[in-house]
Amino acid sequence: MKRKLEDIFKRLYSVFGAQHWWPADSSFEVIVGAILTQNTNWLNVQKAINNLKKEEVLSPQKLYKLKFSKLAKLIKPAGYYNIKAKRLNEFLKFFFRDYQASIKKLALVKTDKLRKELLLVNGIGPETADSILLYALNKPVFVIDAYTKRIFSRHGFLKEEINYAAAQNLFSRHLKKEVKLFNEYHALLVRLAKDFCLKTKPRCPACPLGNKKFYC
């Protein structure tokens, strides 16, 4: 399994190259993006983040003081804006209360402990928590999303309805726990899913991973 996972990574990297993900100017921007990207595409998230930047409120202190109605209006392009505004506020309450809005203090916490704390924040599930840990705080946690499940179920590694922890275990057990590797691997899977492994009408003949039977 280790060899197969490494081979998949090498194939994808040779085709797509480095993805430079997560695109952001700060760790805090990554966190905001991770919360906003729930149930929407990245283009919509970018629009919402650009709104926050134009208003010069993309900082913990300014967002924390921002009126709820104003915040909801600014992030409207990301969809479910009232729900996501509440989720951002819940994270900010946690961030200020427990870590004085310091990314440095947040990053010093052991991964397992911090992950448990993040999952207690209303509106933050495993995928969002792990995105924050990996992309904002540089902790070696593999992010599982619908794209990952789709690709690896189609290639016979797991069932698409598998739970998050079990899917994550596939990568955690067989790959080196390296931030750079986990970052790039996940980003490459997202690229593959968007360009080839589409939800409907997948472009299987042109897929960089080739014939499914090779991996089964």
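Observations, loosely collected:
- Residues of the range 91-110 satisfying the condition of being at positive phi and surrounded by 15 or more Cβ atoms within 10 Å (Cβ to Cβ): A101
- Only one of the listed residues (L52, L12, L63) is assigned to a helix (DSSP H, G or I) and without any contact (Cβ under 8 Å) to a residue 24 or more places away in the chain. That residue is L52.
- Within the range 15-41, the set of residues being farther than 30 Å from L92 by Cα and assigned to a helix (DSSP H, G or I) comprises V15, F16.
- Single residue of the range 111-130 satisfying the filter (exposed (fewer than 15 other Cβ atoms within 10 Å of the Cβ) and closer than 20 Å to T37 by Cβ) that is nearest to the chain's Cα centre (by Cα): G125
- Residues being charged (D, E, K, R) and surrounded by 15 or more Cβ atoms within 10 Å (Cβ to Cβ) - total across the range 1-46: 3
- Candidate set: the range 48-75, residues that are surrounded by fewer than 17 Cβ atoms within 10 Å (Cβ to Cβ) and within 22 Å of the chain's Cα centre (by Cα); chosen: the one nearest to P126 (Cα to Cα): S59
Laboratory data are not the source of any read-out in this text; all were calculated from the coordinates shown. None of these values were measured; they are calculated from a predicted model. As a convention, Cβ positions derive from the backbone with ideal geometry for all residues, glycine included, and neighbour counts pool all protein chains shown.
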